[in-house]
Every structure is written in structure tokens, then in C-alpha cells.
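S.K.: Handing you this structure, nothing more for now.
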Amino acid sequence: MSLFFGKELARLTGADCFVLALDRMMHRHGQHGLIGQTHVRMNSVPDIARVEESARGLAAAHPLLDAVVRRNPFTLRAAWHEGRRTERHLPVNLWFEKGACVPDGRRATEIASEDVWVDHVLNQQLGSRNGLRNLHIDLVLLRGGGSLLVLTWTHLLFDGKGAEFLVDALVNPPPPGSAAALPVPPAVPPRVTLRERIRIATPVVERFFGLAADRYVSLAGPHPRPGRLRFRMLTFDVGSTERIQARMEAAVGPLFRIGYFLACALRAHRQAFLARGSDPAHYVVSLPVQIRKKGLGTVPFQNCVTILFFAMARASLDSMAAAAKLAQAQFEEMTRGRLDRSFTQVLELLRRLPSAVYLAFVRRQFGGEITAFFHSFTGEFSAGLGDVFGARVTNAYHIPSVSAPPGSGLFFGLFNGRLNVTFSWREGSATREEADLVLARVREDLLGGDPTDFQPEEGTGCAPT
Amino acid sequence: MHSGSMATANDDHCSRRTKLLGLVSHDILEVGPDFDEHSNLFDAGLDSMAIMQLLILIEQNFGVRLPAAKLTRANFSSVADLARLMDSEAAPG
């Protein structure tokens with residue numbers, strides 16, 4: 001296929017192909033594809049020349065950053081193929097809020113505010129601005145003297161953890177002349193017979209049939225629709241995060257955070273439905289979990305996730321403790337039943353399906369819905385991220401895009417003892433008022449007590465209309 | 001306790017720690033050459049999924065089921081701590 005497409009660089013995995021199907025659906029319906037944005041907030045301005053040099057190094061070392069996904073028309077196998085550009089140029093686009101100081105000799109574009117700029121960039125087609133096809137890097141100089149490093153990336157390239165590896169590679173470039181730090185895997189699945197694959201895949205397929213009996217809905221409803229991506233964030237300071245941890249330990253013990261945050265996300269979405277005058281009887285929520293071996297920096301350029309599907313009835317959401325315990329019990333049951341491995345195998349079996357057929361199966365099985373909402377807990381952001389070329393990092397988090405359906409997502413992550421919560425939604429799927437309700441419920445469920453205890457630290461991330 | 005029994009118990013404990021270290025290093029985490037039974041598992045990347053997978057491996061390999069209610073960051077923070085917890089759960093009475 002290199003005759004037609006350019007040299008093949010890496011095959012897409014089953015999980016990548018799932019993302020590809022979502023991405024294609026989003027493109028078809030005016031949603032600009034499944035992207036992610038990673039923010040690294042700093043207390044001052046980093047050495048811009050070093051950021052630029054590191055970005056150049058990344059572009060030179062990693063052709064995937066400008067590659068194109070193509071599906072072989074004969075084998076139906078999807079793969080990354082080298083882009084047409086012979087030289088990959090990855091600039092660091094420089095912006096400044098009015099009142100911010102621009103270093104001498106630097107040209108930067110003035111913006112009204114960080115919020116307005118982020119909203120604008122999130123809703124642009126990736127690759128349409130100054131950058132590589134699959135990654136843009138921007139640096140925003142803020143009027144308080146701080147700065148914001150923004151990486152905008154396609155989810156086809158990697159998941160949130162992969163983006164964190166890329167941030168690491170950007171801020172810790174290899175010494176000049178040494179090999180590139182980020183390996184690209186061959187993405188060749190292990191040799192397993194078809195019979196064995198079907199055997200492994202069967203448990204989760206049986207679960208799907210069970211889940212399909214309980215009709216669930218998303219805020220967007222089952223029909224894809226265009227809409228600008230919006231988001232709001234909460235950042236809890238270290239003291240508040242410690243209180244959240246203590247409440248979590250009292251409910252489900254100290255080790256399993258995944259079920260607790262899922263319970264929080266469920267109750268928050270229920271709040272939005274209640275405001276609409278409805279109270280869905282069932283929720284089915286997809287939760288991606290990492291299948292990379294944890295620990296040393298491993299492969300970034302893949303979606304290394306499988307998905308667990310949680311099913312919760314309305315009655316189990318009446319209290320945080322009950323919801324969290326049930327979520328934890330399902331997590332344990334699904335892990336013991338190896339449903340994580342089972343769904344990975346399903347994704348591998350579906351890998352060669354054209355994207356439209358892929359989603360047609362999902363939508364037929366679940367009446368058009370994909371999940372009640374998107375949700376993830378990405379854990380600690382890149383442990384050890386302290387500074388970026390002389391500027392101390394004060395916070396780091398992701399702003400995930402969401403497709404419609406489902407139209408919304410609640411995402412949790414930690415940075416240096418602080419909990420970040422992002423609510424992303426599509427205009428037309430939810431409203432600002434519903435976003436307020438969702439986040440108010442999140443605050444109350446996590447902190448308990450007087451909601452005025454919480455003092456928001458970050459901007460809303462929503463540009464005024 | 002008879003000294004022979006104590007020696008056997010210590011041997012069992014040591015072999016359990018060694019086997020557990022092997023399981024963690026090969027099946028759960030991607031670790032470096034400095035990783036040992038006292039290395040902090042959470043610093044090494046242990047998360048909810050990895051914890052659950054480790055609990056299942058412990059059941060399958062040692063026949064010890066660790067109740068979630070007894071797990072804390074302190075007794076789960078290293079292979080050595082985990083081995084002590086397993087001993088206390090496996091001990092009769």
C-alpha cells in the first residue's frame with residue numbers, strides 16, 4: 001500500500017480503531033474529530049527557545065505526528081502512513097493576553113483572554129493551524145506573569161497517558177545526538193487462534209446483551225449532532241483534595257479511587273437529567289482503563305486502553321456511599337471475570353471493520369447510544385513534572401473532547417496532590433446551566449458539607465457567547 | 001513455637017516474598033533494575049486496575065484472599081509490606 005499511501009509506519013490496534021470509528025463519526029457530523037488538549041500551567045514563562053528546540057526534535061524524531069490513517073482497501077487493515085511533507089515543522093505558537101509581558105525579540109499574537117482563546121482553538125480542525133497534522137503546540141503568556149503550555153492532539157495518536165509521555169519527552173528532551181526517546185510499537189497482536197479469540201471475547205459480549213436490555217440515555221440523545229465543544233473545570237487545592245481522599249477512604253477504602261469518581265460522575269449527570277424533568281432508570285457508562293504496564297515510561301503512540309462497562313440503576317445513585325460501593329463491586333467482578341481482556345479481544349476482532357459499520361453495530365445494540373457519558377480517571381499526571389525549562393509547573397490536566405452522542409463527559413485527574421475535574425460537553429447536548437448543576441453536584445459529593453467551603457482556583461474555560 | 005517450625009515459617013515467608021516480587025515485576029509493573037521488595041509500589045505506578053490484578057494473582061498463586069476492607073496504602077505500599085499482610089491473613093486463628 002505504500003505505493004498509494006506513503007510508507008506504512010504503524011498499524012492501528014483494536015483500541016485505536018474504536019477511536020477511529022468515533023473520530024470519523026464526529027467528522028461526518030461537524031464535530032471536528034476526537035481530540036484532546038493538555039494544559040501545563042506555569043508560574044512564569046519558560047525558556048521559549050528551549051521549548052522550540054525540543055519541539056523541533058520531537059517533530060524530526062516522530063513521523064507519526066504528521067502521519068495519516070489509511071485503510072487498506074483489500075485487507076481492510078488500518079495503519080498510519082507517512083505524511084506527504086518531507087520536512088516536519090512543529091512551531092511553538094506564541095500568544096499573549098493583553099497586559100502580559102512578551103520577551104524581547106519575540107513575536108506573539110495578542111488574545112482577549114485565555115478562556116476565549118482556548119474555546120477558539122478547541123473548536124478548530126486539527127491540522128488547520130500552524131503545526132503538524134496530529135499535534136499543535138501553543139504557549140500562552142498570561143497577564144499575571146504565568147504561562148500556559150497547550151498541546152492539542154488527535155486521540156488517534158494516543159490516549160491521555162500517551163499525551164503525558166509526550167509532555168515528558170518535550171520537557172525532558174534527549175541529549176543532542178542520542179536516539180529518540182519514544183518507541184513506536186509494532187502493534188501486531190499475539191498469535192491466537194480465532195477460536196481462542198472468540199472464547200476470550202465471549203464474556204463481554206454476553207454482558208453487552210445484558211446491558212442492552214436496560215435502555216439508557218445520554219444528554220445528547222442517540223442522534224449525532226454538531227455543536228461547539230465547551231468545558232468547565234474545577235481544581236481542588238491540596239487541603240481540599242486531602243479531605244476528598246479522607247471521605248473516599250471512609251466510603252470505599254483508600255486504594256480504589258476508580259469506583260468513587262465514577263459514582264460522583266453518575267450522580268452529577270443525574271442532576272442534569274433531573275433539571276430536565278427526567279430521571280433515567282438506568283445508566284451504562286464506559287470507563288477506559290490503562291492496559292499499559294504501569295511504571296517506566298512505555299509506549300505512548302497508541303490508545304493503550306480497554307473499556308469496562310458499568311451498569312447502574314437509578315436507585316443505587318441515591319447516596320455517594322452506596323453508588324461508590326456498587327461501582328467498586330462491579331469493578332472487582334469485571335476484573336475477576338477478565339472482562340478487560342475480553343473487551344480488548346472484541347476490539348481486535350472488530351479491527352478491520354470500516355468505521356461506519358463499527359458504529360452501526362454499537363448503535364443497533366444500544367439504540368444509538370454509545371455510553372450515558374464519557375468518564376475517566378487518569379490518576380497522577382506524569383509524576384515528576386516539576387518545571388518546564390525554568391518555569392515551575394503549578395498544574396497540569398487534560399481537556400478531553402466528547403462526541404455527541406453522548407454529548408458530555410466528566411474527567412478526573414490529579415496533579416501534585418490537587419484534584420482536577422473537567423466537564424466537557426457539546427453545545428446542543430447540554431447547557432451552561434446544566435454544566436453548573438453537574439459541577440455543583442461534584443463539589444458537594446466530593447467535599448460534602450457547606451458548598452461554600454470550595455473556592456474555585458481556575459477560570460471556567462468557557463468563552464462568553 | 002519450635003525452632004524448626006520458625007525456620008520453616010521464615011523460609012516460607014522469604015520464598016513468598018521472592019515469588020511475589022517476581023509477579024509484581026513481570027506481570028503488573030514495568031520496573032527498573034533497582035526495584036526491590038522495599039520499593040514503593042504506588043511510586044512505581046500501581047493504580048486501581050493494577051491493584052485488582054495483583055490481588056487476583058495473589059489468590060491464584062498463594063491461595064490468600066486479601067479483603068479490600070483491610071487494605072491500606074501502608075500495608076500495600078511495597079512487596080515486603082504486602083507479604084507481611086499475606087502472612088497475617090494466611091495464619092490460622
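S.K.: Could you work out, for chain A, what percent of all Cα-Cα pairs fall into each 10 Å distance bin, beginning at 0 Å and stopping at the bin that holds the largest distance?
M.R.: 4, 20, 32, 27, 14, 3, 0
S.K.: By a straight-distance test (C-alpha under 15 Å), which aspartates and glutamates pair with A:K98 as possible cross-link partners, with residues fewer than eight away in the same chain excluded?
M.R.: The qualifying aspartates and glutamates are A:E110, A:E114, A:D115.
S.K.: Assuming R0 = 35 Å, what is the FRET efficiency of A:V205 and B:K70, from their Cβ-Cβ distance, to the nearest 0.05? It would help to have the intermediate numbers written out before the result.
M.R.: On the way: r = 35 Å, r/R0 = 1.00.
Efficiency, from the Cβ-Cβ distance: 0.50.
S.K.: Roughly how many debye, to the nearest 20, is the charge dipole of region A:226-372 about its Cα centre, given +1 on each Lys and Arg Cβ, -1 on each Asp and Glu Cβ, and no other charges?
M.R.: On the way: 21 positive and 10 negative charges, 85 e Å.
The dipole magnitude comes to about 400 debye.
S.K.: To continue, here is another question. Using R₀ = 35 Å, calculate the FRET efficiency as 1/(1 + (r/R₀)^6) where r is the Cβ-Cβ separation of B:N61 and A:V238; round to 0.05. It would help to have the intermediate numbers written out before the result.
M.R.: Details: r = 38 Å, r/R0 = 1.09.
The computed FRET efficiency comes out at 0.35.
S.K.: Also, quick follow-up: Per-residue counts of other Cβ atoms within 10 Å, averaged by peptide: what ranking do you get for B:32-41, A:59-68, A:101-110, A:209-218, highest first? Please list the in-between numbers first.
M.R.: Numbers: B:32-41: 13.4, A:59-68: 20.6, A:101-110: 11.2, A:209-218: 15.8.
For the peptides B:32-41, A:59-68, A:101-110, A:209-218, the packing ranking is A:59-68, A:209-218, B:32-41, A:101-110.
S.K.: Then there is this: Of A:A112, A:H269, A:L148, which is farthest on the positive side of the dipole of chain A, counting Cα position, with +1 on Lys and Arg Cβ, -1 on Asp and Glu Cβ, and the Cα centre as origin?
M.R.: Checking the options against the dipole of chain A, the answer is A:H269.
S.K.: Size of chain B along its principal axes in angstrom, Cα-based, largest extent first?
M.R.: Computed over the Cα atoms, the extents are 41, 31, 23 Å.
S.K.: How many angstrom lie between the C-alpha centres of region B:22-93 and region A:233-253?
M.R.: Using only Cα atoms, the two centres lie 24 Å from each other.
S.K.: Relative to the first principal axis of the alpha-carbon coordinates of chain B, what is the inclination of helix B:79-90, with its axis defined by its Cα atoms, in degrees from 0 to 90 and to the nearest 10?
M.R.: The answer is roughly 50 degrees.
S.K.: Hey, how many Å between the Cα centroid of region A:375-433 and the Cα centroid of region A:299-314?
M.R.: Centre-to-centre distance over Cα atoms comes out at 16 Å.
S.K.: So which DSSP H runs in chain A come out at 18 Å plus along the axis (Cα) with average Kyte-Doolittle of at least 0.0? Working shown, then result.
M.R.: Details: long enough: A:14-28 (21 Å, 0.33); A:48-61 (20 Å, 0.31); A:194-212 (25 Å, 0.34); A:238-252 (21 Å, -0.08); A:258-275 (26 Å, 0.87); A:320-336 (24 Å, -0.11); A:432-447 (22 Å, -0.24).
The answer, listed by residue number, is A:14-28, A:48-61, A:194-212, A:258-275.
S.K.: Along the three principal axes, how long is region A:2-171 when you take its alpha carbons, biggest first, rounded to the nearest angstrom?
M.R.: Extents along the principal axes, in whole Å: 57, 32, 25.
S.K.: Under a 5 Å amide H to amide H cut-off, with H placed in plane at 1.01 Å, what residues pair with A:V69 once short-range neighbours are removed?
M.R.: A:H81
S.K.: May I ask for the percentage of alpha-carbon pairs in region A:319-454 that lie more than 17 Å from each other?
M.R.: Details: 6829 of 9180 pairs.
Looking at region A:319-454, the distances longer than 17 Å represent 74 percent of pairs.
S.K.: Now for a different question. Please list, in order along region A:279-285, the HN-Hα scalar couplings obtained from phi with the Karplus expression 6.51 cos²θ - 1.76 cosθ + 1.60 (θ = phi - 60°), rounded to whole Hz, x for Gly and Pro.
M.R.: For region A:279-285, the Karplus curve yields 8, x, 6, 9, 10, 10, 10 Hz.
S.K.: Further, regarding this structure: Quantify how strongly other chains surround peptide B:26-32 by giving the mean number of their Cβ atoms within 10 Å of each of its Cβ atoms. List each step's numbers first, then the result.
M.R.: Values: counts 1, 1, 3, 4, 7, 4, 2.
The per-residue average across the peptide is 3.
S.K.: A further question on this structure: Taking the Cβ-Cβ separation of A:E196 and A:A383 as r and a Förster radius of 41 Å, what is the calculated FRET efficiency to the nearest 0.05? Could you put the intermediate results ahead of the total?
M.R.: Numbers: r = 37 Å, r/R0 = 0.90.
The value I calculate is 0.65.
S.K.: Okay, next question. For A:I35, enumerate residues with amide H under 5 Å from its amide H, sequence gap 5+ or separate chain, H modeled in the peptide plane.
M.R.: It is A:H155, A:S401, by chain and number.
S.K.: To the nearest Å, what is the center-to-center distance of region A:63-92 and region A:1-48, using C-alpha atoms only?
M.R.: 11
S.K.: Straight-line reach from A:K325: which aspartates and glutamates have a Cα under 15 Å away, not including same-chain ones fewer than 8 places off?
M.R.: Reachable aspartates and glutamates: A:E249, A:E333, A:D445.
S.K.: Can I ask one more? Compare the peptides A:37-47, A:376-386 by average per-residue count of other Cβ atoms within 10 angstrom and give them in order, highest first. Write down the numbers at each step before the final one.
M.R.: Numbers: A:37-47: 20.8, A:376-386: 19.0.
Listed from highest to lowest mean packing, they are A:37-47, A:376-386.
S.K.: Using only helices, what value at 222 nm comes out for chain A when you add -39,500 (n - 2.57) per DSSP H run of length 4 or more and divide by the total residues, to the nearest 500 deg cm²/dmol? Intermediate values should be presented prior to the final figure.
M.R.: Values: 12 runs with 161 residues, N = 465.
Calculated at 222 nm, the ellipticity per residue is -11000 deg cm²/dmol.
S.K.: I've got another one for you. Quickly rank A:320-327, A:332-339, A:158-165 as a protection proxy: mean count of other C-beta atoms within 10 Å, highest first.
M.R.: A:158-165, A:320-327, A:332-339
S.K.: Magnitude of the Cβ-charge dipole of region A:194-453, K/R +1 and D/E -1, about the Cα centre, nearest 20 debye?
M.R.: Working: 33 positive and 23 negative charges, 197 e Å.
I would put it at about 940 debye.
S.K.: Report, in debye and to the nearest 20, how large the dipole of the protein assembly as shown comes out about its Cα centre when Lys and Arg carry +1 and Asp and Glu carry -1 on their Cβ. Intermediate values should be presented prior to the final figure.
M.R.: Details: 61 positive and 57 negative charges, 429 e Å.
Approximately 2060 debye in magnitude.
S.K.: Taking a cut-off of 22 Å between Cα atoms, list the lysines near A:K161, but don't count ones fewer than 8 places away on the same chain.
M.R.: In chain and number order, the partners are A:K293, A:K294.
S.K.: Stretched out fully, how many nm does the piece from A:R392 to A:N72 gain, at 0.36 nm a residue minus the Cα gap?
M.R.: Details: separation 320, 0.36 × 320 = 115.20 nm, distance 4.59 nm.
Gain on extension, A:R392 to A:N72, equals 110.6 nm.
No lab work stands behind these numbers, since they all come straight from the coordinates. Values in this document were obtained by computation on a predicted structure and should not be read as measured data. Note: ideal-geometry Cβ built from the backbone for every residue, glycine included; neighbour counts use all protein chains shown.
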